[in-house]
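Each remark here refers to the structure printed beneath this line.
The values are calculated or read from the model by the stated rules, or taken from the named source; none is laboratory data. Everything numeric here is computed off the predicted structure, so don't read it as measured data. Positions of Cβ are generated from backbone atoms using ideal geometry, with glycine treated the same way; all protein chains shown enter the neighbour counts. Accessible surface areas use protein heavy atoms only, side chains included; no ligands, DNA or RNA. Shrake-Rupley method; radii C 1.70, N 1.55, O 1.52, S 1.80 Å.
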Amino acid sequence: MIQFHTFSGTAQRFVGFILLLPLIAAFWYSAILATIMFVVISVLMFRELGTMAGVRGLPFGILLALGGLINLWPFAAAIYGWSLSTMFVFVIGLALICRIAFVRLTGDHRVADFCLMMVICVASGSFILGLPEGRFLLLALALVIACCDCAAYFVGRAVGGPRLAPAISPNKTISGALGGTMATLLAAVLLFGPMDLLDLEFFINGEMVMLSWFQIIAGGLVIGLLAQIGDLLESAVKRRLGFKDSSQLIPGHGGVLDRFDGYLLTLPAMILFFLLDL
């Protein structure tokens, strides 16, 4: 019986991944489609958070609009020639305003903190998407995080051992977390190292980004850690609000927020990594 349930869960995750493949292909094929898809994903993430938090009526509609309109800020920054510091102040200010509004709506400071992080995450992603060939950078990050998720899931089931955070997510193990981090590091080396498996080239401010071995290894480890911390943060919010999954939109994966929680901290970190030349 245990083996049946394990296979069933694995099969459901595989079906969910297959359903995501056309979206990945469209994201790769067209910058316009990638932008549209990113906006839709953003709106769905805020919809799921609002639904779990019990936000209704006009505030719920405003929350959905926020998920879409956040993606417009890079266009305003380009039109008015904002500096990097101005963009930083704008995004942080917007996130703080949203946090204050969410506290007034729900009275829950921890969930409001999560909403703040979502605003910064989406704003970071929309900025990266606006860079020349930025969608390929997001796809590379998606592949790295997918390796982390898969390795954490299968290593955790195969090895078991002590739980990582039993009060938040009982199924996650320390062995799974280590396996996910190592898989992320390996994926980063294969994607961004000398082999450059996908032949990816990234340009920022007209210059091609060249990563050192230190940056690749450090970046891989940081992404692996932050992706799993983002997962735990979302699990903590769901547990606090009494939900197992943010929705049932994706078979075997739960909701959009469940699928993309690994980007919650990694997208802002990527902004710092590339733009500040860490």
How much length would be gained if the chain were fully extended between Ser30 and Phe90, taking 0.36 nm per residue of separation minus their Cα-Cα distance, in nm to one decimal? 18.8 nm
Would you work out which of Ala187, Ala177, Ile128 lies farthest towards the positive end of the dipole of segment 86-198? Charges go on Cβ: Lys and Arg +1, Asp and Glu -1. Ala177
Segment 28-155 - percent of accessible surface contributed by carbon and sulfur, probe 1.4 Å: 74
What does the accessible area of His109 come to, in Å² to the nearest 10, when a probe of 1.4 Å is used? 100
Just to confirm a number: summing +1 for Lys and Arg and -1 for Asp and Glu over residues other than Leu225 whose beta-carbon lies under 15 angstrom from that of Leu225, what do you get? -2
From largest to smallest, what semi-axes in whole angstrom does segment 90-137 give when each is the square root of 5 times an eigenvalue of its alpha carbon gyration tensor? 27, 10, 6
Residues listed by number, segment 166-186, amide nitrogen under 12 Å from Arg110 label point at 7 Å toward C-beta: 167-169
Could you report the accessible area of Cys98 in Å², rounded to 10, computed with a 1.4 Å probe on the protein chains as they sit in the structure? 20
For Leu186 paired with Ala65, estimate the spin-label separation in nm (one decimal), with each label point 7 Å from Cα along the Cα-to-Cβ line. 4.8
Heavy-atom SASA rank of Phe88, Phe127, Phe102 (probe 1.4 Å, accessible area, largest first): Phe88, Phe127, Phe102
When 1/r is averaged over all different Cα pairs and the result inverted, which Kirkwood radius in Å belongs to segment 37-101? 12.8
Between Leu139 and Arg56, what is 0.36 nm times their sequence separation minus the Cα-Cα distance? Round to one decimal in nm. 26.5 nm
